[in-house]
Structure formats: structure tokens, C-alpha cells
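Undergrad: Structure provided below as C-alpha cells; questions to follow.
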Amino acid sequence: MKQLLEFIPLILFFAVYKLYGVQQAAITLVIATIVQLIALRVLYQKVEKSQWIVGIFVIFFGILTAYFNDLNFLKWKVTIINGLFALVLLVSQFVFKKPLIQLLLGKELKLPVNVWNNLNLGWAGFFIVCMLLNIVISTYFSDDVWATFKTFGFTGLSLAAAIATGAYLYPYLKNLENTNEQK
């Protein structure tokens, strides 16, 4: 349910963009994002920091997009958010010597340090690839191609990254399961 709630503003943006244009789509995106943040707060009593950050960026750049009737503001938002997430992951690992992924998931999973480091680097790399893809697609392709890729391409890439993460973690989770069964 929570994952579906996170995609509703994006799907609404895409539908309104295709039917009515940039300005109406941006207004829809801003309103849907505000409703989404309220719903997350009401249903789950908490909105994650990453959701707040993305929400604030969406609202800010969505308002600029609607006001100027220019999709470039939302294109910049995608680039900035992906770059910011990659930077935070890399700084956590190389400056603070504690991968952010481990801080987020370490209570649920007990993994070797090298696995946490690889996972953190993998997700940082994912966000860098998404940032670069967004730059290329938003620069060299039409707004329609960008909007379609933003909605479906990035969603597919995110799903693929999650599956790859699961496949990478599977042997370690299996070992943890076997260790817990033996206790």
C-alpha cells in the first residue's frame, strides 16, 4: 500500500501531462504530493526523511514548473534529487565510515561490513546512473519522451535495482536464516 501511495502523484502527473499539458500536470503533481505526504503521516504516523526531501523538492520545482509553464524545472529536480542521494550515500561511507544503507537497515539485518559497503556503493551508483540518464534524456529527447521515461523508465529501473539488491543479499539472508534455525 505504501509503495502504491508513493507512485500515485507520478501517475497522475503523467496522465494530466498527456491530456492537458505541463502547467496542469505540475499543479496536479504538487497537490497530489501534498495529499500523499498527509496520507503517509495519517496512515503510518511517520514520513521518512527521504520522502520529506523528495516531497519538498517536488512541491518547489512543481510550483516553478506551473508558474513558468516550463518542464525544465521538474527535469532539474530529478537530476538534483538523484545526485543528492548519491552524494549522501558516498559521504556516509567515505567521510563518516558508516554506510547510510547500514544505518537504515542495520536493525533488521546483520550483514558483514563489506556487504554493507557494496550495497551502499551499488545504490550510490544507481542514483548516479539515474542522474546521468535524466540529463541525457532531458537534453536530447522531447518532453514527451522524458515524461514517459520519468514515469515508467525510472520506475522499471528502481524495480530492477530492488530485485538486484535482493539477489545480492539472498545468500547472506539464507545464511542468517540457517543460523537462526540452529539456535
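Readers should treat all values here as calculations from the given coordinates under stated rules, not as data from a laboratory. Just so it is clear, the structure is predicted and the values come from calculations on it, not from any experiment. Backbone-built Cβ (ideal geometry, glycine too); neighbour counts: all protein chains shown.
Undergrad: Would you mind ranking Ser92, Ser142, Ser158 by Cβ crowding within 10 Å, fewest neighbours first?
TA: Ser142, Ser158, Ser92
Undergrad: Taking the beta-carbon count within 10 Å as an exposure proxy, list Glu108, Glu48 from fewest neighbours to most.
TA: Lowest count first: Glu108, Glu48.
Undergrad: Separate question: Quick one: putting +1 on the C-beta of Lys and Arg, -1 on the C-beta of Asp and Glu, what dipole do you get for the chain around its Cα centre, in Debye to the nearest 20?
TA: 500 debye
Undergrad: While we're looking at this one, here's another question. I'd like the Karplus ³J(HN,Hα) series for segment 24-36: coefficients 6.51, -1.76, 1.60, θ = phi - 60°, whole numbers in Hz, and an x wherever there's a Gly or Pro.
TA: 3J(HN,Hα) across segment 24-36, in whole Hz: 5, 5, 5, 4, 4, 4, 5, 5, 4, 5, 4, 4, 4.
Undergrad: Then there's this: Identify the trypsin sites (Lys or Arg not before Pro) of segment 1-106 meeting these criteria: DSSP loop state and at most 15 other C-beta atoms within 10 Å of the C-beta.
TA: Lys46, Lys97
Undergrad: Given a Förster radius of 25 Å and the C-beta distance between Leu19 and Tyr67 as r, what FRET efficiency does 1/(1 + (r/R0)^6) yield to the nearest 0.05?
TA: Calculated value: 0.75.
Undergrad: Here's a follow-up. Work out how much length Lys98 to Glu48 would gain on full extension: take 0.36 nm times their residue separation and subtract the Cα-Cα distance, in nm to one decimal. Intermediate values should be presented prior to the final figure.
TA: Numbers: separation 50, 0.36 × 50 = 18.00 nm, distance 1.95 nm.
Computed gain between Lys98 and Glu48 is 16.0 nm.
Undergrad: Also, quick follow-up: Quick one: Val30, Val145, fewest Cβ neighbours within 10 Å first, how do they rank?
TA: Values: Val30 21, Val145 13.
Lowest count first: Val145, Val30.
Undergrad: Moving on to the next point. Dividing the alpha-carbon Rg of segment 50-101 by 2.2 N^0.38 Å yields what? Before the final figure, lay out the partial values.
TA: Working: Rg = 13.7 Å, N = 52, 2.2 N^0.38 = 9.9 Å.
Against the empirical 2.2 N^0.38 Å value, I get 1.39 for segment 50-101.
Undergrad: A further question on this structure: Tell me the mean residue ellipticity at 222 nm calculated for the chain from its helices only (DSSP H runs of n ≥ 4, each -39500 (n - 2.57), averaged over every residue, nearest 500).
TA: Only helices count here, giving -29000 deg cm²/dmol.
Undergrad: In percent, what relative contact order does segment 78-183 have, based on Cα pairs under 8 Å that are 6 or more apart in sequence?
TA: Reported as a whole number, the value is 29 percent.
Undergrad: A follow-up question, please. So what is the relative contact order for the chain, in percent, with contacts set as C-alpha pairs under 8 Å and at least six apart?
TA: Relative contact order comes out at 17 percent.
Undergrad: Loop sites only, by DSSP: take the chymotrypsin sites (Phe, Trp or Tyr not before Pro) in the chain that have at most 14 other C-beta atoms within 10 Å and name the longest stretch containing none of them.
TA: In the chain, the maximal stretch lacking such sites is 1-95.
Undergrad: Could you compute the FRET efficiency for Phe60 and Tyr172, with r as their C-beta to C-beta distance and R0 at 35 Å, rounded to 0.05?
TA: The pair Phe60/Tyr172 has a calculated efficiency of 0.35.
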